Amino acid sequence: MAILVLGGAGYIGSHTVYALIQAGRDVVVADNLLTGFRAAVHPGARFYQADIRDRKAMDALFEKENIEGVIHFAASSQVGESMSDPLKYYDNNLCGTTVLLQSMVAHGVDKIVFSSTAATYGEPERVPILETDQTRPTNCYGETKLAMERMMYWTSRAHGLRYVALRYFNACGAHPSGVIGEAHNPETHLIPLILQVPNGQRDKISIFGDDYPTRDGTCVRDYIHVTDLAQAHILAFDYLLAGGENNVFNLGNGVGFTVREVIDAARAVTGHPIPAETCPRRTGDPAQLVASSEKARTVLGWTPQYADLNTILTSAWNWHKNHPKGYEDGTK
Ligand code: UDP
């Protein structure tokens with residue numbers, strides 16, 4: 001039987017597909033290619049260009065392929081855009097997941113692992129953050145992801161489907177082969193933006209605020225390598241296959257780095273001075289987001305391999321310097 005990866009042409013989805021195929025799994029990928037890239041899909045996966053909001057397309061997939069469960073990445077994921085265009089997020093993330101779950105229930109597919117986010121917590125009450133801490137999203141992206149979690153919960157109660165929600169902290173890095181990596185259009189994430197400077201695509205990096213109550217005044221984030229995230233999806237899927245109950249896991253290293261520390265690591269790795277300038281704070285940025293991932297380590301047996309910032313930056317730089325325009329020339 002096959003695993004259906006929705007959004008398998010995106011950043012974390014494509015890395016998970018590579019890891020699944022490397023682990024000998026049979027993989028079907030569906031992606032609408034609005035933000036994902038066909039070139040990011042492993043050639044060993046069967047690919048369908050399909051949108052999760054399209055019930056006919058979802059039904060056709062479940063009828064054609066023998067699907068034992070779903071890993072669901074297909075969602076809009078830009079915080080800023082979610083604030084200026086919230087209904088896009090309700091449509092893609094919530095209406096899309098509604099249609100997907102309806103189709104899964106209709107076809108008796110009862111296991112789903114899906115992308116949630118640290119943005120479900122909002123301003124944390126403490127760090128490191130536990131899964132049981134309060135969830136009060138401060139942006140629409142986090143709000144829709146939290147609502148997706150609740151949708152799974154009620155669907156589970158009514159129809160017996162089981163789910164695992166994985167709350168990612170700051171995904172980063174690229175596949176060790178250098179074949180796939182991070183490519184967003186527009187790019188909003190810190191590490192790819194920093195690496196645009198040594199790549200000659202940007203003069204300097206902006207630091208969004210240096211007056212936070214942190215060790216150097218800049219925001220602290222928990223950077224977790226995409227390869228480690230990919231492994232967590234496989235472990236979560238196997239946990240459901242083994243009969244595991246509904247669950248929510250944080251995925252992070254449990255170590256926070258400041259924006260300045262990330263820039264310094266990028267200077268060391270690239271050998272470029274990378275000028276930086278301090279700018280006003282970005283709206284909605286919590287001062288610190290650091291995960292407790294003890295639960296994922298204990299229950300899933302997950303052990304992140306890339307805890308070190310230099311290793312993370314080295315793998316990201318290996319991708320970006322060889323693919324300054326992402327996939328091909330930036331076309332989809
Ligand atoms: N950041 C920054 N300059 C940039 C982009 C991001 O200072 O050009 C900061 C941002 O304020 C946050 C951290 O880097 O504190 C990580 O931001 P990113 O957008 O990568 O991820 P987020 O934490 O928002 O999910």
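At-a-glance table
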item: Residues that are over 28 Å from Gly36 (Cβ atoms) and either more than 7 Å from the ligand (Cβ to nearest atom) or of a type in the set (A, V, I, L, M, F, W, C) (or both), drawn from region 179-217; result: Asp203, Lys204, Ile207, Asp210, Asp211, Tyr212, Pro213, Thr214, Arg215, Asp216, Gly217
item: Residue list for region 218-235, filter: hydrophobic (A, V, I, L, M, F, W, C), farther than 15 Å from Ala276 by Cα and near the ligand (Cβ under 9 Å from one of its atoms); result: Val220
item: Residues located in region 136-178, provided they are more than 16 Å from the ligand (Cβ to nearest atom) and among the charged types (D, E, K, R); result: Arg136, Glu149, Arg150, Arg157, Arg162
item: Residue in region 108-130 that is under 24 Å from Ala183 (Cα atoms) and away from the ligand (no atom under 15 Å from the Cβ) present; result: yes
item: Of all residues in region 14-44 being in contact with a Leu (Cβ under 8 Å, 6 or more places away or on another chain) and in contact (Cβ under 8 Å) with a residue 40 or more places away in the chain, the one that is surrounded by the most Cβ atoms within 10 Å (Cβ to Cβ); result: Thr16
item: In region 279-304, residue nearest to the chain's Cα centre (by Cα) [restricted to those that are loosely packed, with under 14 Cβ neighbours inside 10 Å and over 27 Å from Asp216 (Cβ atoms)]; result: Thr303
item: Hey, Asp110 free of Cβ contacts under 8 Å to residues at least 40 places away in the same chain, farther than 19 Å from Tyr223 by Cα and among the charged types (D, E, K, R) or not; result: no
item: Criterion violated by Leu240 - all others in (1) of a type in the set (A, V, I, L, M, F, W, C); (2) crowded, with 21+ Cβ neighbours inside 10 Å; (3) within 18 Å of the chain's Cα centre (by Cα) satisfied; result: (3)
item: Single unsatisfied condition, Val113 versus (1) under 17 Å from the mean Cα position of the chain (by Cα); (2) β-branched (Val, Ile, Thr); (3) part of a helix (DSSP H, G or I); result: (3)
item: Test: residue in region 281-303 that is out of contact with any strand residue (DSSP E or B) (no Cβ under 9 Å at 6 or more places or on another chain), among the hydroxyl-bearing types (Ser, Thr, Tyr), more than 16 Å from the ligand (Cβ to nearest atom) and modelled with pLDDT under 95; result: no
item: Members of region 47-104 found to be touching a helix residue (DSSP H, G or I) at 6+ places or on another chain (Cβ under 8 Å), among the acidic types (Asp, Glu) and closer than 30 Å to Arg282 by Cβ, listed by number; result: Glu81
item: Candidates Asp228, Asp210, filtered to the one that is surrounded by 15 or more Cβ atoms within 10 Å (Cβ to Cβ), touching a strand residue (DSSP E or B) at 6+ places or on another chain (Cβ under 8 Å), within 30 Å of Met152 (Cβ to Cβ) and among the acidic types (Asp, Glu); result: Asp228
item: Of the criteria (1) within 23 Å of Ile129 (Cβ to Cβ); (2) at pLDDT 95 or above, which one Thr188 fails; result: (2)
item: Some residue of region 62-78 being crowded, with 24+ Cβ neighbours inside 10 Å, touching a residue at least 40 places away in the same chain (Cβ under 8 Å) and over 19 Å from Asn93 (Cβ atoms); result: no
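The values are calculated or read from the model by the stated rules, or taken from the named source; none is laboratory data. Small disclaimer: the values here were computed from a predicted structure and weren't measured. Cβ coordinates were reconstructed from backbone atoms using ideal geometry, including for glycine residues, and neighbour counts include every protein chain displayed.
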